[in-house]
Amino acid sequence: MSRLFFLARRFVAGESLEAAVDVVRSLNDDGLDVTLNMLGEATLEREKADEAVRQYLVMLDLIRDGALQANISVKLTHLGLDIDEAYCVDNLGRILEAARERDIFVRLDMEGSPYTQQTLDTFYSLYESHKNSGVVIQAMLLRSPHDIFVLNKIGARVRLCKGSYREPSDLALQRMPNIRGAFLSMTEQLLRDGHYPAFATHDDYLIEGVIRYAEQLEVPRDGFEFQMLYGLRPGFQKEMRARGYGMRVYVPFGTEWMPYFYRRLRERKENVWFILRNLVRS
């Protein structure tokens, strides 16, 4: 337990929003942008979902009033997707509207494959009236190239990641070389036809691939961004920013850190090695 708590303290900005805001200011001072995320998922009680919405609305005010260089990300199951879909869509709509009024971008996080279509359907239903929103696509899923094609067509902003969930072989690639290959194929797709794409990875092989494709396609360094987790390779994050690349740090906070990290470590053994390997890197 103590070791896991140590890991959580390194990777979680704090249990309160106020503590997270202090971290955002510090990262902004280093020239880094931030995505602020309140930990929570699989909510089955309306009171908890309502409280999550209230916290996100407060978060948006703090970002605006503090002139923070930050956007936010949300998980639909945190907003009540497992309770009632219409209720969840209404909650998300309230957040998107408040964010639009404050000129703040909102990213819809992608959860496991049972939620992929629901997440995209929800995103599509609100995107036309809330262009201040984007979504995450997981490279490991077999369906992802088509999803990116559709998202590029409508002008949506996509965050591409490998994917951390354990998925069946009929839905997702299983071997890391194949996942990396899919990631780079979709990287080219996003840099060629996308709209300010984000590449969420700590994998040097993929980072170099993104840079190589961007140079080949003559995409300027400020035409896309890299994203990394808070607490991992902070020196490299600042180095990339100094080189002129967009760099955004994903900053989670909240009291629900234990189920979040336990689930991440349990779902894929690669996550354990990923954390251990990056703990010793700058």
Legend entry - Eligible lysines near K131 by straight Cα distance, threshold 23 Å, same-chain separation 8 or greater: K75, K153
Inset, instruction - With a Förster radius of 30 Å, plug the Cβ-Cβ distance of D22 and M176 into 1/(1 + (r/R0)^6) and report the FRET value to the nearest 0.05. - result: 0.25
Inset, instruction - Name the most mobile residue of Q216, Q117, Q174, meaning the one with the largest mean-square fluctuation, in a Gaussian network model of the chain with Cα contacts below 10 Å. - result: Q216
Inset, instruction - Show which lysines lie in cross-link reach of K238 when reach means a straight Cα distance below 27 angstrom and same-chain residues fewer than eight apart are skipped. - result: K162
Inset, instruction - Please sort 39-46, 72-79 by packing, taking for each peptide the average over its residues of neighbouring beta carbons within 10 angstrom, highest first. - result: 72-79, 39-46
Legend entry - Whole-Hz ³J(HN,Hα) from phi, Karplus 6.51 cos²θ - 1.76 cosθ + 1.60, for region 191-207, glycine and proline x: 5, 7, 10, x, 9, 6, x, 10, 10, 9, 6, 10, 7, 4, 4, 6, 4
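Report the calculated FRET efficiency for Y87 and I154 (r = Cβ-Cβ distance, R0 = 25 Å), to the nearest 0.05. Walk me through the numbers before you get to the answer.
Values: r = 25 Å, r/R0 = 1.01.
Using R0 = 25 Å, I get an efficiency of 0.50.
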Inset, instruction - Could you name the aspartates and glutamates whose alpha carbon sits less than 18 Å from that of K48, not counting residues in the same chain fewer than 8 places away? - result: E15, D82, D84, E85, D90, E256
Inset, instruction - Starting from the Cα gyration tensor of region 98-192, take the square roots of the eigenvalues, sort them a ≥ b ≥ c, and report rounded, prolate or oblate (rounded when a/c is under 1.5, otherwise prolate if a/b is larger than b/c, else oblate). - result: prolate
Legend entry - Distant-in-sequence amide H partners of E167 (H built 1.01 Å from N, under 5 Å): none
Inset, instruction - With the cut-off at 21 Å, report for region 1-117 the share of all Cα pairs above it, as a whole percent. - result: 41 percent
Inset, instruction - Provide the gained length on full extension for the span R143 to D222, in nm with one decimal, where the gain is 0.36 nm per separating residue minus the Cα-Cα distance. - result: 25.6 nm
Inset, instruction - May I ask you to evaluate 6.51 cos²θ - 1.76 cosθ + 1.60, the Karplus curve with θ = phi - 60°, for each residue of region 223-232 and list the ³J(HN,Hα) values in order in whole Hz, giving x for glycine and proline? - result: x, 7, 9, 8, 9, 9, 7, 4, x, 10
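Every number in this text was worked out from the coordinates using simple rules, so none of it is lab data. None of the values given here were measured: they were computed from a predicted structure. For neighbour counting, all protein chains shown are included, and Cβ atoms are generated from backbone atoms with ideal geometry for every residue, glycine included.
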